[in-house]
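Undergrad: For reference, the structure I am asking about is given below.
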Amino acid sequence: MTEQSQNLSFRLASHDDYDAVMRMSKDIYGDTDYLPEFFHSFLDNPDTTIFLAVAGTQVVGLLMATITEEGKAFIGTSGRVAPAWRNKGVIWKLGEYQEAWMRQNRPTVRYKRATASTAIVFTKKLREYKRELFRMPFTEYKGGPNLWWRRDPAQLAQLDTTGLPDVVPLQTTDDDFCTAVQKWFPAGACGGYDGKPMIIVDWDPLTLRPANLKLLQAHNFTIYMLNYKGEASLSIANTYPTAAVRMMSVTIYAMNDVTVQKHLLKHLEDISRSYKNEDIQLSVFVGLAELEDPLHQLCRETLQMENLLDRKSEVIMIEIDMLTSHL
C-alpha cells in the first residue's frame with residue numbers, strides 16, 4: 001500500500017530499513033533513543049506496525065502503531081522526522097496514512113492513543129487534534145556508577161524509615177486490586193473508552209486491568225505492589241540500554257510520598273545490582289501532583305542525582321475516537 005503526497009511516499013517498514021531509520025533519527029533524544037534497541041523486535045511483533053515517509057529513496061519520517069486492548073485501540077508512538085524535513089507536515093501526513101491503514105487492515109480498532117510531554121514544542125499542536133484524557137507529572141534524573149548508593153545498593157535500605165512493609169512482586173491481578181489502586185490516579189484517568197482507569201507504562205497508555213498487568217509481566221516489566229491497612233499501591237518499571245546511558249522508566253501509583261519512596265528505592269536497588277557500571281537516566285511518573293516535590297527532593301538531595309529538566313513537566317494522555325474524529 002503506497003500513497004503519494006507532495007513528493008512523499010508512505011509505506012510499511014521492514015528489517016532492511018534499519019540503517020536508513022538510524023541515519024534519519026541519529027540525533028534524536030541525544031543518544032538516548034530506544035529505537036536502535038527495539039527496532040527489530042517491534043517489527044517481529046504481530047501487533048506492531050512501523051510506517052515510513054520516504055522522499056525518493058530517503059527515509060524522512062517514521063511513526064509506529066501498537067495494537068492493544070484486544071484490538072479495540074492502538075498506541076501511536078515513536079514519531080520522528082529527519083532534520084531537513086521538519087516543520088513541513090510530514091508527521092501529520094504519516095498520521096493520516098497510519099489511520100487510513102488501520103481502518104483498512106485493522107477494522108476492529110476504534111481508538112487511537114498517544115502521549116506527549118509538555119516539555120516538547122509540538123505538544124500544543126498535537127492536542128488540537130485529540131481529546132486530552134489526563135496529565136500527570138514526571139521527573140528525569142541521571143546518576144553515574146560512582147554515586148554512594150550505586151557503589152553499594154544495600155545502603156538504599158538505610159534510607160527506608162517509612163515503617164511500611166516491603167513492596168513485593170505483583171501477585172494479585174484481579175479487578176478488586178485494580179479498583180483499590182485507582183484512587184491514586186490523576187483526575188481524568190478513568191476516561192478511557194470503557195471507563196476503566198488508564199495507566200502510563202514507559203510512556204505507553206494502557207488500561208489498568210489484570211490481563212494487561214500479566215502481559216507486562218510476560219514482557220519482563222518489573223511490577224511491585226504494597227497492601228498496607230487496606231491501601232494498595234502499584235509501581236511498574238522498565239529498563240533498556242541506549243548509546244549514552246541505561247534508561248529506566250518507573251511509574252508509581254501510591255497514596256503518599258513515603259509509599260512512593262518505598263517503591264522507587266526498591267526499583268533503584270534492582271537496577272543498581274544488575275547494572276553496576278552504567279550511567280542511569282531515570283524517568284519517574286507519579287499519579288498525584290502533590291507527590292512531585294517530595295520526589296524531586298529524594299532524587300536531588302538524598303540520592304544526589306542530576307536533574308535533567310529545567311522546569312516541571314507533565315505527560316499528557318490523549319485519545320481520539322476514529323469513528324468521529326480525524327487527525
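The values are calculated or read from the model by the stated rules, or taken from the named source; none is laboratory data. Remember, it's a predicted structure, so these values are computed and weren't measured experimentally. Cβ placement follows ideal geometry from the backbone for every residue including glycine, while neighbour counts extend to all protein chains displayed.
Undergrad: Inside segment 64-85, can you point out the residues that are of a type in the set (A, V, I, L, M, F, W, C) and farther than 15 Å from P205 by Cβ? Even if it seems obvious, please write down each step before you answer.
TA: Kept after step one, since they are of a type in the set (A, V, I, L, M, F, W, C), are these residues of segment 64-85: 64-65, 67, 73-75, 81-82, 84-85.
Of everything in segment 64-85, those that are of a type in the set (A, V, I, L, M, F, W, C) and farther than 15 Å from P205 by Cβ turn out to be V81, A82, A84, W85.
Undergrad: Inside segment 188-220, can you point out the residues that are of a type in the set (G, A, S), modelled with pLDDT of 90 or more and crowded, with 17+ Cβ neighbours inside 10 Å?
TA: A189, the sole residue that qualifies.
Undergrad: State all residues of segment 184-202 that are assigned to a loop (DSSP other than H, G, I, E, B) and in contact (Cβ under 8 Å) with a residue 12 or more places away in the chain; if no residue qualifies, say none.
TA: If the condition is that a residue be assigned to a loop (DSSP other than H, G, I, E, B) and in contact (Cβ under 8 Å) with a residue 12 or more places away in the chain, then F185, P186, A187, G188, A189, G191, G192, Y193, D194, K196, P197, D202 are the ones that fit.
Undergrad: So if I check each of I50, I75, I91, I67, which one is at pLDDT 90 or above, in contact with a Pro (Cβ under 8 Å, 6 or more places away or on another chain) and surrounded by 15 or more Cβ atoms within 10 Å (Cβ to Cβ)?
TA: On the way: I50 fails: in contact with a Pro (Cβ under 8 Å, 6 or more places away or on another chain); I91 fails: in contact with a Pro (Cβ under 8 Å, 6 or more places away or on another chain); I67 fails: in contact with a Pro (Cβ under 8 Å, 6 or more places away or on another chain).
Unique residue meeting the criteria: I75.
Undergrad: State which residue is surrounded by the most Cβ atoms within 10 Å (Cβ to Cβ) when the search covers only segment 247-261 and only residues that are more than 15 Å from the chain's Cα centre (by Cα) and under 18 Å from M305 (Cβ atoms).
TA: V260
Undergrad: Can you pull out every residue in segment 57-80 that is without any contact (Cβ under 8 Å) to a residue 24 or more places away in the chain and more than 26 Å from P107 (Cβ to Cβ)?
TA: Within segment 57-80, just T57 meets the criteria.
Undergrad: When you go through (1) more than 18 Å from the chain's Cα centre (by Cα); (2) under 21 Å from A114 (Cα atoms); (3) in a loop (DSSP other than H, G, I, E, B) one by one for E278, which number turns out not to apply?
TA: If we test E278 against (1) more than 18 Å from the chain's Cα centre (by Cα); (2) under 21 Å from A114 (Cα atoms); (3) in a loop (DSSP other than H, G, I, E, B), just (2) comes out false.
Undergrad: To continue, here is another question. Within segment 221-246, take every residue that is of a type in the set (S, T, N, Q) and within 23 Å of A189 (Cβ to Cβ) and give me the one that is surrounded by the fewest Cβ atoms within 10 Å (Cβ to Cβ). Don't jump to the end; show me each part of the working.
TA: Taking segment 221-246 and keeping what is of a type in the set (S, T, N, Q), we get 222, 227, 233, 235, 238-239, 242.
This time we only want the ones that are within 23 Å of A189 (Cβ to Cβ), so: 222, 227, 233, 235, 238.
Details: T222: 19, N227: 14, S233: 24, S235: 26, N238: 21.
Applying the filter and picking the extreme gives N227.
Undergrad: Which of the numbered conditions does E314 fail, given that it passes all the others? Conditions: (1) of a type in the set (D, E, K, R); (2) more than 27 Å from L170 (Cα to Cα); (3) under 20 Å from the mean Cα position of the chain (by Cα).
TA: (2)
Undergrad: To continue, here is another question. Inside segment 295-315, can you point out the residues that are farther than 22 Å from M255 by Cβ, of a type in the set (S, T, N, Q) and modelled with pLDDT of 95 or more?
TA: Across segment 295-315, the qualifying residues are Q304, N307.
Undergrad: What do you reckon, is L282 in the same structural domain as V167 (by TED's automatic domain parsing), in contact (Cβ under 8 Å) with a residue 12 or more places away in the chain, more than 28 Å from F39 (Cβ to Cβ) and not β-branched (V, I, T)?
TA: no
Undergrad: Further, regarding this structure: Does N277 qualify as being under 17 Å from T162 (Cβ atoms) and either at pLDDT 95 or above or not assigned by TED's automatic domain parsing to the domain that holds D27 (or both)? Explain how you work it out, then say what you get.
TA: Values: under 17 Å from T162 (Cβ atoms): no; either at pLDDT 95 or above or not assigned by TED's automatic domain parsing to the domain that holds D27 (or both): yes.
Criteria not met by N277.
Undergrad: Here are K93, K88: which of them is over 26 Å from D202 (Cβ atoms), assigned to a helix (DSSP H, G or I) and among the basic types (K, R)?
TA: Being over 26 Å from D202 (Cβ atoms), assigned to a helix (DSSP H, G or I) and among the basic types (K, R) holds for just one of K93, K88, which is K93.
Undergrad: With part of a loop (DSSP other than H, G, I, E, B), on the phi < 0 side of the Ramachandran plot and surrounded by fewer than 20 Cβ atoms within 10 Å (Cβ to Cβ) as the only criterion, which of D293, D310, D270 stands out?
TA: Answer to the check: D310.
Undergrad: Here's a check for you: in segment 53-64, which residue that is of a type outside the set (G, A, S) and over 20 Å from the mean Cα position of the chain (by Cα) is surrounded by the fewest Cβ atoms within 10 Å (Cβ to Cβ)?
TA: Out of the qualifying residues, it is T57.
Undergrad: Under 8 Å between Cβ atoms, which residue pairs at least 6 apart in sequence (or on different chains) link something in segment 259-277 that is over 18 Å from L234 (Cβ atoms) with a partner that is assigned to a helix (DSSP H, G or I) and of a type in the set (D, E, K, R)?
TA: Going by the 8 Å Cβ cut-off, the qualifying pairs are S272/R150; K276/R150.
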